[in-house]
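Some notes on the structure that comes next.
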Amino acid sequence: MVREWDPRTASSAEIASLLDTLNAVLAADLPQDPPWRESSLREYLSEVMPGERRISWVAQAEPTAGGGPGAILGHIHVLLLGDIGVLEVLVHPTTRRTGLGRDLVRLAARRVYQEGFRSIGVEVVGETPAVAFYEALGFSREYVETRSVLDLSAVGWTALAEMATAVSAGYRVEFCPGGPPDDLIDAYARAKAEVRDVDDGELRPSSYDPQRLRDSLDTLHRRGMKPYIVLAIHERTGEVAGLTEVVVPAQHPTRADQYDTIVVQDHRGYGIDRAIKARMLLELRSAEPTLAEVQTWNAQANEAMLKVNAELGYRSDREWCEYSVDVAELVHRLDPAR
Ligand SMILES: CC(C)(COP(=O)(O)OP(=O)(O)OC[C@H]1O[C@@H](n2cnc3c(N)ncnc32)[C@H](O)[C@@H]1OP(=O)(O)O)[C@@H](O)C(=O)NCCC(=O)NCCS
């Protein structure tokens, strides 16, 4: 049975069952990734930025012989933001190739269409069944990034400590657990706005103005995701010359996610990129003792950043693609009678 589902009011048994399916999917498709934990999973699935909405559906098996609720075997949600709907779909490996994924997308696509949105985007992990699935549904590939993973047990900490201090005179590097201090929010937002083209992750909301930045930090905290930031401050002007952001999610706290790293144009060539990333890893080592890995996503054309990441010890893992489709075409393809 497929039905609309609200993670805020779902029973704990449903959340636990969805977690089992998610971990079965990870074990099948991304066996090197750490399994997720239940910690803040409900909040992760419910909390959104102001102005955004997430609508979810689940596919649930028949009740068990003992009358208990059936397992959640499939899940889809669509995040409505700006003028696009961003999909995430999961089907338990034991239930695949039965048409359930297509049914879930059909439901979500109809709703996105009714809500007046024009396009749907989705992140698709390379070398998984999702590639053939979305291509069969008529999605086209818009953008490809490479995911790389750093194994912290293989890091040369002495060399890293040297990199962290090898920044030109005139800059001060600061570690800000939890987010940038309030008096630097404006300067931080300016740095992000200036290089918005460099931001990776087209489907990830980036924050270019101070209020949006505050909302974004607040949303991360509500979703159980702890942000850490390292800033390079240009001492003469007080401007933020560079920043790097890492998030440790309660759902998989042994593997952190690298978000944006930005060095503002005027401040390039002074060793800031390397220094702030190295300082971040040193700080995380003591702030998050259970952390084992950090993953990052980069545009394949961003050679400078790929070079720094390789020096730090990142190993490229797999392609991470963005696909999109016109909603009206998708609805028509899945539901030709409409
Ligand atoms: C992608 C996914 C949702 C597909 O679900 P599904 O229920 O198996 O898909 P369907 O049965 O509706 O398949 C629809 C069509 O997609 C294509 N397709 C799906 N899986 C495919 C595969 N493994 N190989 C080739 N084509 C495939 C086929 O054309 C299929 O139609 P057909 O079976 O009539 O030939 C499922 O594999 C999944 O949950 N993957 C994980 C998604 C994810 O987010 N991963 C990242 C985090 S781990």
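The values are calculated or read from the model by the stated rules, or taken from the named source; none is laboratory data. Just so we're clear, the structure is a prediction, and the values are computed from it rather than from any experiment. Heads up, the Cβs are rebuilt from the backbone with ideal geometry, glycines too, and the neighbour counts pull from every protein chain shown. Areas reflect the complete protein model, heavy atoms only, side chains present, ligands, DNA and RNA absent. Shrake-Rupley method; radii C 1.70, N 1.55, O 1.52, S 1.80 Å.
Name, by its number, the condition in (1) surrounded by fewer than 19 Cβ atoms within 10 Å (Cβ to Cβ); (2) more than 9 Å from the ligand (Cβ to nearest atom); (3) at pLDDT 95 or above that does not hold for Pro7.
Unmet for Pro7, out of (1) surrounded by fewer than 19 Cβ atoms within 10 Å (Cβ to Cβ); (2) more than 9 Å from the ligand (Cβ to nearest atom); (3) at pLDDT 95 or above: (1).
Do you know which of the residues in the range 24-38 that are open to solvent by less than 60 Å² (accessible area, probe 1.4 Å) and under 23 Å from Arg222 (Cβ atoms) is nearest to the ligand (Cβ to nearest atom)? Before the answer, list the steps.
Of the residues in the range 24-38, the ones open to solvent by less than 60 Å² (accessible area, probe 1.4 Å) are 24-26, 28-30, 33-34, 36.
Now restrict to residues that are under 23 Å from Arg222 (Cβ atoms): 34, 36.
Working: Pro34: 12, Trp36: 10 Å.
Out of the qualifying residues, it is Trp36.
Looking only at the range 168-189, how many residues end up being free of Cβ contacts under 8 Å to residues at least 24 places away in the same chain and not hydrophobic (A, V, I, L, M, F, W, C)?
From the range 168-189, those free of Cβ contacts under 8 Å to residues at least 24 places away in the same chain are 169, 181-183; that's our starting set.
Narrowing further to those that are not hydrophobic (A, V, I, L, M, F, W, C): 181-183.
Residues that pass the stated criteria total 3.
Just to be sure before I move on: is Ala13 in contact with a helix residue (DSSP H, G or I) (Cβ under 6 Å, 6 or more places away or on another chain) and either loosely packed, with under 14 Cβ neighbours inside 10 Å or not in a loop (DSSP other than H, G, I, E, B) (or both) in the structure I sent? Spell out how you get there, then give the answer.
On the way: in contact with a helix residue (DSSP H, G or I) (Cβ under 6 Å, 6 or more places away or on another chain): no; either loosely packed, with under 14 Cβ neighbours inside 10 Å or not in a loop (DSSP other than H, G, I, E, B) (or both): yes.
For Ala13, the condition - in contact with a helix residue (DSSP H, G or I) (Cβ under 6 Å, 6 or more places away or on another chain) and either loosely packed, with under 14 Cβ neighbours inside 10 Å or not in a loop (DSSP other than H, G, I, E, B) (or both) - is not met.
Exactly one of these conditions fails for Arg110: (1) modelled with pLDDT of 95 or more; (2) more than 16 Å from the ligand (Cβ to nearest atom); (3) surrounded by 13 or more Cβ atoms within 10 Å (Cβ to Cβ); (4) more than 22 Å from the chain's Cα centre (by Cα). Give me its number.
Checking Arg110 against (1) modelled with pLDDT of 95 or more; (2) more than 16 Å from the ligand (Cβ to nearest atom); (3) surrounded by 13 or more Cβ atoms within 10 Å (Cβ to Cβ); (4) more than 22 Å from the chain's Cα centre (by Cα), the one that fails is (2).
With the structure loaded, tell me whether Asp29 is modelled with pLDDT of 95 or more, more than 20 Å from Leu137 (Cβ to Cβ), of a type outside the set (Lys, Arg) and touching a helix residue (DSSP H, G or I) at 6+ places or on another chain (Cβ under 9 Å) or whether it fails that test. It would help to see each step written out before you state the result.
Details: modelled with pLDDT of 95 or more: yes; more than 20 Å from Leu137 (Cβ to Cβ): no; of a type outside the set (Lys, Arg): yes; touching a helix residue (DSSP H, G or I) at 6+ places or on another chain (Cβ under 9 Å): yes.
It is false that Asp29 is modelled with pLDDT of 95 or more, more than 20 Å from Leu137 (Cβ to Cβ), of a type outside the set (Lys, Arg) and touching a helix residue (DSSP H, G or I) at 6+ places or on another chain (Cβ under 9 Å).
Going by the conditions given, is Gln295 within 21 Å of the chain's Cα centre (by Cα) and in a loop (DSSP other than H, G, I, E, B)?
Working: within 21 Å of the chain's Cα centre (by Cα): yes; in a loop (DSSP other than H, G, I, E, B): no.
So Gln295 fails the test.
Out of all the residues in the range 40-66, which are open to solvent by 60 Å² or more (accessible area, probe 1.4 Å) and either within 16 Å of the ligand (Cβ to nearest atom) or not β-branched (Val, Ile, Thr) (or both)?
Going through the range 40-66, the residues open to solvent by 60 Å² or more (accessible area, probe 1.4 Å) turn out to be 42-43, 50-51, 53, 62-66.
Within the range 40-66, Arg42, Glu43, Pro50, Gly51, Arg53, Glu62, Pro63, Ala65, Gly66 meet the criteria.
Pull out all pairs, ordered by first then second residue, where Cβ-Cβ is under 6 Å, the residues are six or more apart or on different chains, the first lies in the range 125-137 and is open to solvent by less than 30 Å² (accessible area, probe 1.4 Å), and the second is near the ligand (Cβ under 6 Å from one of its atoms).
Thr128/Asp29
Looking at the range 264-292 only, could you name the residues that are open to solvent by 20 Å² or more (accessible area, probe 1.4 Å) and outside any loop (DSSP other than H, G, I, E, B)? Walk me through it before giving the result.
If we filter the range 264-292 for residues that are open to solvent by 20 Å² or more (accessible area, probe 1.4 Å), which is where we start, we get 265-271, 273-274, 279, 282-283, 285-290, 292.
Result: Gln265, Asp266, His267, Asp273, Arg274, Arg279, Leu282, Glu283, Arg285, Ser286, Ala287.
Which residues, taken from the range 155-177, are under 24 Å from the mean Cα position of the chain (by Cα) and either open to solvent by 30 Å² or more (accessible area, probe 1.4 Å) or among the polar types (S, T, N, Q) (or both)?
Phe175, Pro177
In the range 123-179, what residues are among the aromatic types (Phe, Trp, Tyr) and more than 16 Å from the ligand (Cβ to nearest atom)? Give the steps one after another, and end with the answer.
Kept after step one, since they are among the aromatic types (Phe, Trp, Tyr), are these residues of the range 123-179: 133-134, 139, 143, 157, 171, 175.
The answer is Tyr143, Trp157, Tyr171, Phe175.
Residue pairs, Cβ under 8 Å, 6 or more apart or interchain, first in the range 230-247 and crowded, with 23+ Cβ neighbours inside 10 Å, second of a type in the set (Lys, Arg) and part of a strand (DSSP E or B). List them.
Close Cβ pairs satisfying both conditions: Ala232/Arg172.
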